[in-house]
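Here, each number is a calculation from the coordinates, and none is a lab measurement. Quick caveat, the model's predicted, so the values are computed rather than measured. When we count neighbours, we look across all protein chains shown, and the Cβ atoms used for this are built from the backbone with ideal geometry, even at glycine.
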Amino acid sequence: MVEPLRFKGKNLPCFRRAGAVIGLGALITGCTITPQLPRQHMISAANPLASAAGRDILRAGGSAVDAAIAAQAVLTLVEPQSSGIGGGAFLMHFRKSDRRVDAFDGRETAPASIRPDVFVTPDGKRRPFRDVSTGGAAVGVPGILRMLALAHKEHGKLPWSRLFDRAIALSENGFPISPRLHAMIRRSKDLRDFPAARSYFLTPDGRAKPAGSLLRNPALADTYKRLASGGAEVFYRGDIARDISAAVANAARNPATMTRADIAGYRAIKRAPICRPYRTWRLCVMPPPTSGGLTTLQILGLLEGFEMARVPPSSVQAVHLISEASRLAYADRRRYIGDPDFVTVPVDGMLDPDYLRHRAERISGSESMGKASPGRPRGTENANLADDEREGFTSTSHLSVIDRDGNAVSMTTTIERAFGSRLMVRGFLLNNQLTDFAFIPRRDGRTVANAVAPGKRPRSSMSPTLVFDADGKLFATVGSPGGSRIITYVTKALIGLLDWKLDMQAAIDLPNHANRNGATELEKNTPVAAHADALKRLGHTVKIGSLVSGLHGIRVSPGGYDGGADRRREGVALGD
Ligand code: GLU
């Protein structure tokens, strides 16, 4: 597809395109330099076909929510490892006319039959993640379609039925398997143990279907036709719900019970967003059950007393300070955040400026504090105890949209692990989101905040974010995948945009680093990896690895919409 990939006035965004060496040639061939940024609308998503589907809906006069739905329908097909209609999502929405911000929660829920010790061995240990994440036991009731339907009811402009056209055509005619999808299929050896996934993703002799080969998904086309004509309800009642229930019950591994009543009873929730200032800006984030927004705001709040604008981007000092703030925030995150319909999350206490100022006193410019302990924010008299932490960072997807009316969407969407549970129903994969619960539900005789319970939503790290300027005008929409590192990726981009005044692409391009109250992780083959020794001298334990974010964002600049897509994945920002 030949599209102007990005609308950039600067050359920095082009320096790593397709591995091109920086130079004039790369500038000419590697990216499109246009004198003007798009002013009408824009979408940035993780796959060019999904971005194009969203952009075409925007061109047809669709709203940001309409474009997000069309893009999600295509992502389910072309980036099936990351997200889909068998999973869940969080969507932040800004309506320009009255400056209203809504937070839509489409997180999966645990079925009624679930037992709190579902992920515990008979002798009280964690069951291995790889064992429990495949098959039926970790499948949560998918929430995304009811959430999108709710958002569409309030903020849609085009008919729902039209939003699936592109995805239906691509499912029927086929799409080329992307290099990333191919690599993920190759890496996910256990796909071959699940018949529907095996025949879809593998060749008859058991190899990953090659990159560039055309993949057709008539089953998904049929599902989409039903959804287009019957609405999201078609998914929650009738044949599709019956098949989901059967797939979970008959799974070759970890068969489990998800009744049709569990599915029919799913409820998407419109929550009040959490909005707080950061310097002259105002950030609106997704509230729990995700820990993402709250933890991002804590990190920024802890850094408020430091003049980050004067700290050079990606310097030793920058990595040190952000890591120290992250330690403190992740310690609180782990202890206090769970599904707010089940536990009291002390949101106001955790974001109290006095609390954060006091806690930030632990940050020294010259020495790491090591492992941080959780604080005692207001409202924690009945504090739940810390639970466990898990890796997981190769799936999930984020998309950002601004429509012609200036309304915006920031949506992070996931089936959890790459290819989720591996159970495929009617052309889509079911999630394994329930492994985002704490595996060990009780510690020291007390139930942890993120313990498994029927009807409960597992804690997430997804951090879809909206940023407003001092006048209350939309400044940016951004978010990322990356498991529990999502928070660090989004924080990096926000500091890049707000303190270092970078454009969206440059903020996304900043090298990743993460500290989840343990080692300081540095992105390999980037300038921050060279800081390893200096950080060790400050007392950090350092790990170097691939920190694969998938940041997709749009900044509203005086010249127009300045979009960015993460080169670590395959996305693109498209606008007019
Ligand atoms: N399931 C994770 C969450 O909701 C996201 C996983 C990922 O980003 O790979 O936080």
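What to note about this one:
- Considering helices alone, the calculated mean residue ellipticity of the chain at 222 nm is -9000 deg cm²/dmol, with DSSP H runs of length four and up weighted by -39500 (n - 2.57) and normalised per residue.
- In range of the label at residue 205: residues from the range 164-196 whose backbone nitrogen is under 18 Å from the point 7 Å along Cα→Cβ: 186, 192
- Over all other residues within a Cβ to Cβ distance under 11 Å of residue 532, the charged ones net out to +2, with Lys and Arg as +1 and Asp and Glu as -1.
- Remark: spin-label model distance residue 169-residue 354 equals 6.0 nm, labels positioned 7 Å along the Cα→Cβ axis.
- Residue 153-residue 56 FRET efficiency (beta carbon distance; Förster radius 25 Å; 0.05 resolution): 0.65
- The packing ranking of peptides 344-350, 48-54, highest mean first, is 48-54, 344-350, where packing means the average number of other beta carbon atoms within 10 angstrom of each residue.
- Amide H contacts of residue 215: 175, 177, each under 5 Å away and 5 or more positions distant or on a separate chain (H built 1.01 Å from N in the peptide plane; Pro and chain starts excluded).
- In the range 226-283, trypsin sites (Lys or Arg not before Pro) in a DSSP loop with at most 14 other beta-carbon atoms within 10 Å: 237, 267, 279
- Extension gain, residue 39 back to residue 532 (0.36 nm per residue minus Cα-Cα distance, nm): 173.3 nm
- Note on the chain: Kirkwood hydrodynamic radius from all Cα pairs is 23.5 Å, rounded to one decimal.
- Candidates 491, 514, 479 compared by Cα position along the dipole of the range 477-539: farthest toward the positive end lies 514, with charges placed on Cβ.
- Take the Cβ atoms of residue 123 and residue 270, set R0 to 51 Å, and the FRET efficiency comes out at 0.75.
- Förster radius 25 Å - calculated FRET efficiency between residue 193 and residue 246, Cβ distance, rounded to 0.05: 0.90
- Anisotropy class assigned to the range 430-539 is oblate, per the alpha carbon gyration tensor with a/c at or over the 1.5 cut-off and a/b no larger than b/c.
- In nm, spacing of pseudo-spin labels at residue 469 and residue 100 (7 Å Cα→C-beta vector): 2.5 nm
- What separates the Cα centres of the range 276-352 and the range 61-132 is a distance of 22 Å.
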